Amino acid sequence: MTLVIHDHPSPNFGERRDGARPDLVVIHYTAMATAEAALERLCSPDFEVSAHYLICEQGQVFRLVDEDMRAWHAGAGQWGEVTDVNSRSIGIELANPGTAPFAAAQMQALESLLADILSRHAIPPERVIGHSDMAPLRKIDPGPRFDWKRLAVQGLSVFPASQGEIEPHEVRFVQDLQRFGYPEAPVEALVSAFRDRFRPRHHGPLDGRDMALARDLATRFPARFPIDRRSPLA
């Protein structure tokens, strides 16, 4: 798919702090009824919110903030050691109310945009995350309808590969998710965010499959320094 980008500048941005460069991509949904309403909101100085890109259901891509600048999309949260996510990320909003499937044309446009961004900034696929990953207590987007596995197949994100099970253990599960990049949060919030991304529509208490998938992510794609598993909690 040929990537065509329409410029629609938003006034809601600032300088990236401390000379930071983008090494994360954060995917959102707009949670609004229409793409037009989302575009108006993201470009209104009254709301002080923006993103670098907005992708409509029909696949149109709007650039709202230049990638060199700090868009206001992530808010409070953390990924690995990154606490100012806005300064270190590129934010992509997908026009979606949060209750609908993501349109095929929209996903195709996202894939083209992601491939371009990751190539130009040398961002590895494990650093393409959802808003709910970095802020599991506050956010649920892009939600369980978003097809992360589809992106992973194309090298545009990652997906766990383990097929086994590990005995459930909440502390170890939290440690593995934090090593992968998730911030500190109650285990319930982490389980919810993790399953929305990697086990959509699965419910119930923490289980051995959750454990194995989290361990695979922590082992292959650590965003934080390795956890010392010799500690009493390991």
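Only the coordinates and a few stated rules stand behind these numbers; no lab work does. Please read all numbers here as calculations on a predicted model, not as lab measurements. Heads up, the Cβs are rebuilt from the backbone with ideal geometry, glycines too, and the neighbour counts pull from every protein chain shown.
Here the gap between Ser162 and Leu3, fully extended at 0.36 nm per residue and compared with their Cα-Cα distance, gives a gain of 53.8 nm. With 0.36 nm allotted per residue and the present C-alpha distance subtracted, the Asp66-His203 stretch has 45.3 nm of extension available. Note on the chain: with a GNM built from Cα contacts shorter than 10 Å, the maximum mean-square fluctuation among Glu67, Glu111, Glu165 falls on Glu165. Here the calculated FRET efficiency for Ala37 and Thr83, from their Cβ-Cβ distance with R0 = 41 Å, stands at 0.85, rounded to the nearest 0.05. Using the Cα gyration tensor of the stretch 125-230, with a ≥ b ≥ c the square roots of its eigenvalues, what is the shape: rounded (a/c below 1.5), prolate (a/b larger than b/c) or oblate (neither)? Here the stretch 125-230 falls in the rounded category. Peptides 84-96, 134-146, ordered by how many other C-beta atoms sit within 10 Å of their residues on average, highest first, read 84-96, 134-146.
What the Cβ-Cβ distance of Arg150 and Asp46 gives, at R0 = 45 Å and to the nearest 0.05, is a FRET efficiency of 0.80.
Between the helical axis of 187-198 and the longest alpha-carbon principal axis of the chain there is an angle of about 60 degrees. Relative contact order of the chain: 21 percent, from C-alpha pairs under 8 Å at least 6 residues apart in sequence. Taking 14 Å as the cut-off, the amide N atoms of the stretch 64-101 that come nearer than this to a point 7 Å along the Cα-to-beta-carbon line of Arg17 belong to 70-79, 82-89.
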